[in-house]
Amino acid sequence: MRVPSDRSSLVRVDEHKSWLAGVFDRAAPTYDRVGVAYHEHFARCLVDRVGIRPGSSLLDVACGRGAVLLAAASTAGSLTGVDVSPGMVELASADLRAAGVDGVELRVMDAERLEFPDAGFDAVTAAFLLFFLPHPERAAAEFRRVLRPGGRVAVSTWAEDDERWDWADELLAAAGTPRRRALRQPFDRAEAVIELLAGAGFDNPRSHRETTTIFFASEDEWWDWQWSFSLRGILEQLDEPTVTALREESFRRMAELKTAQGYPMRLDAWIVIATAAL
């Protein structure tokens, strides 16, 4: 068996991240803009849990379209956001300006290679990021490195899926095996995140569970939502007849979920916070 050199491994990792950045570039125009904007809810939970002090500095890693930065804008003294997707960074800048939030530093950057000096931030947040990373332990170490001693980190990750929609994953799996996959590790257990942060030198990691329910107004709205986040990267690898069949069978399965409010989906997330060791 040939053992890849560090350089060849790095090339493959960079190719994965480049592909993922492209997926999010294409998803960015509708990201969190189809149906209910639930990232706003979880962003507020993340900011409340990390406990940003007035005037402090915040780094938001994988900032997307800026939900966490917007939630923290009224408290933090300085805001910095990074994302691997140039499209997300561009739209985050526009969204923040439209909301009247100025002076935010936004940069395209790899979460596993943060281009900031040591101990430069009072708080670091990372919303729904860890499961995309080839080497999440490197990102956790970077979070620790850029935090001042006593600074706090808060990360969110999805918990278990709403069991009423289990059939959606089953249909997708039956549609074919894509060459590339967006998700690397699930991190759907709080214990896995706690272990990751403890291994990076964080003290007193603790978890909080957050739940909300969203409603899709129609089958088409749910289908458009499927293309507005990382799942787009899987759907793009399927041929047109397969995608059409997947859509039609999904709509058939959705019929039993319909309520007067629409099609409900429960979203469960873990928020894990920890302190940079002194």
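The values are calculated or read from the model by the stated rules, or taken from the named source; none is laboratory data. Note that the coordinates shown come from a computational prediction; the quantities given were computed from them, not determined experimentally. No Cβ is skipped: glycine too gets one built from the backbone with ideal geometry, and neighbour counts run over all protein chains shown.
Remarks
- Contact annotation: residue pairs with Cβ atoms under 7 Å, 6 or more positions apart or on different chains, pairing a residue in region 142-159 that is in contact (Cβ under 8 Å) with a residue 40 or more places away in the chain with a partner that is buried (at least 17 other Cβ atoms within 10 Å of the Cβ) and of a type in the set (S, T, N, Q), are GLY150/THR275; ARG152/THR275; ALA154/THR125.
- Residue within region 45-53 that is surrounded by fewer than 17 Cβ atoms within 10 Å (Cβ to Cβ) and either under 19 Å from LEU20 (Cα atoms) or not small (Gly, Ala, Ser) (or both) present: yes
- Residue match in region 225-234 (condition: over 20 Å from GLY64 (Cα atoms) and modelled with pLDDT of 95 or more): no
- Some residue of region 90-105 being outside any loop (DSSP other than H, G, I, E, B), farther than 22 Å from PRO186 by Cα, small (Gly, Ala, Ser) and in contact with a helix residue (DSSP H, G or I) (Cβ under 6 Å, 6 or more places away or on another chain): no
- Residue match in region 239-255 (condition: more than 17 Å from ALA126 (Cα to Cα), crowded, with 18+ Cβ neighbours inside 10 Å, touching a helix residue (DSSP H, G or I) at 6+ places or on another chain (Cβ under 7 Å) and of a type outside the set (A, V, I, L, M)): yes
- Residues of region 198-214 that turn out to be in a strand (DSSP E or B) and within 20 Å of PHE143 (Cα to Cα), as a count: 7
Residue-by-condition table, conditions (1) surrounded by 20 or more Cβ atoms within 10 Å (Cβ to Cβ); (2) farther than 30 Å from LEU238 by Cβ; (3) of a type in the set (Phe, Trp, Tyr):
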residue: ALA71; (1), (2), (3): yes, yes, no
residue: LEU79; (1), (2), (3): yes, yes, no
residue: ASP83; (1), (2), (3): yes, no, no
residue: PHE121; (1), (2), (3): yes, yes, yes
residue: GLU163; (1), (2), (3): no, no, no
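- The set of residues from region 23-38 being at pLDDT below 95 and either of a type in the set (Gly, Ala, Ser) or closer than 20 Å to ALA139 by Cβ (or both) comprises GLY35, ALA37.
- Note on region 162-195: residues that are in contact (Cβ under 8 Å) with a residue 60 or more places away in the chain, under 19 Å from the mean Cα position of the chain (by Cα) and assigned to a helix (DSSP H, G or I) amount to 3.
- Residue match in region 95-104 (condition: touching a residue at least 60 places away in the same chain (Cβ under 8 Å), of a type in the set (Asp, Glu) and farther than 29 Å from MET265 by Cβ): no
- Set VAL82, VAL101, VAL89: member being farther than 27 Å from SER18 by Cα and at pLDDT 95 or above: VAL101
- Within region 179-236, the set of residues being over 25 Å from VAL84 (Cα atoms), surrounded by 15 or more Cβ atoms within 10 Å (Cβ to Cβ) and among the hydroxyl-bearing types (Ser, Thr, Tyr) comprises just one member, SER207.
- For ASP110, the stated conditions hold: it is in a loop (DSSP other than H, G, I, E, B), in contact with a strand residue (DSSP E or B) (Cβ under 9 Å, 6 or more places away or on another chain) and farther than 30 Å from THR213 by Cα.
- Number of residues in region 1-22 that are closer than 25 Å to ASP60 by Cβ, modelled with pLDDT of 80 or more and over 13 Å from the mean Cα position of the chain (by Cα) equals 6.
- Within region 123-151, being buried (at least 23 other Cβ atoms within 10 Å of the Cβ), of a type outside the set (Gly, Ala, Ser) and in a strand (DSSP E or B) holds for VAL124, THR125, LEU147.
- Some residue of region 48-61 being under 17 Å from the mean Cα position of the chain (by Cα), in a loop (DSSP other than H, G, I, E, B) and closer than 18 Å to TRP270 by Cβ: no
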